[in-house]
Amino acid sequence: MKTIVVPGYVADEFNAPVRHPNSHADAVRKSIDRVYRLIDTAFCYGSKVNIEPYGFEWVDDKFYIYASERGSKSAMAIFKSSHSAAKYFVWLVSGGSRSIDWSLFPEMEL
């Protein structure tokens with residue numbers, strides 16, 4: 001990890017841990033697992049969408065959207081919100097033709 005210069009309020013928000021309304025120990029992990037499943041489902045409906053060269057990663061309570069070229073990742077966007085990151089990722093990869101159905105898999109949230 002390296003440091004970048006951002007306004008203080010951005011640094012404060014990005015350095016805060018990811019929270020979930022449910023205080024259960026696994027609540028954040030289960031919610032993020034649901035986000036990954038929702039992303040996958042958005043691409044499985046109808047014809048297949050090739051997500052290459054894009055990727056979606058959760059690292060240290062931040063969500064990264066990247067493009068990969070010749071084996072090297074290049075960050076395109078960084079989000080604190082898994083939902084915002086997922087919406088952007090699906091929109092980017094599908095060229096705006098797909099979206100996430102947030103009504104799916106509510107049982108994955110504790």
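Things to note:
- With every protein chain in place, region 43-110: carbon and sulfur % of accessible area (1.4 Å): 53
- Taking other residues whose beta carbon is less than 13 angstrom from the beta carbon of Asp33, and scoring Lys, Arg as +1 and Asp, Glu as -1, yields 0.
- Trypsin sites (Lys or Arg not before Pro) within region 1-71, DSSP loop, no more than 15 other Cβ atoms inside 10 Å: Lys2, Arg19, Lys48, Arg70
- Cα-derived Rg over Rh, computed across region 24-72 with Rh taken as Kirkwood radius: 1.05
- A Gaussian network model of the chain, with springs between Cα atoms under 10 Å, assigns the largest mean-square fluctuation among Tyr45, Tyr54, Tyr64 to Tyr45.
- Positive end of the dipole of region 18-110 (Cβ unit charges, origin at the Cα centre): among Ser68, Thr41, His20, the Cα lying farthest that way belongs to Ser68.
- Within-14-Å neighbourhood charge of Asp101 [Cβ basis; K, R +1; D, E -1]: +3
- Electrostatic dipole magnitude of the chain [Cβ: Lys, Arg +1; Asp, Glu -1; Cα centre; debye, to 20]: 200
- Sequence ranges 98-106, 9-17, ranked by mean other-Cβ count within 10 angstrom, highest first: 98-106, 9-17
- The chain, accessible area per residue, ligands and nucleic acids excluded (1.4 Å, Å²): 66
The values are calculated or read from the model by the stated rules, or taken from the named source; none is laboratory data. The structure presented is a predicted model; accordingly, all values stated were derived computationally and were not measured. Backbone-built Cβ (ideal geometry, glycine too); neighbour counts: all protein chains shown. What goes into the accessible areas is simple: the full protein's heavy atoms, side chains included, and nothing from ligands, DNA or RNA. Shrake-Rupley method; radii C 1.70, N 1.55, O 1.52, S 1.80 Å.
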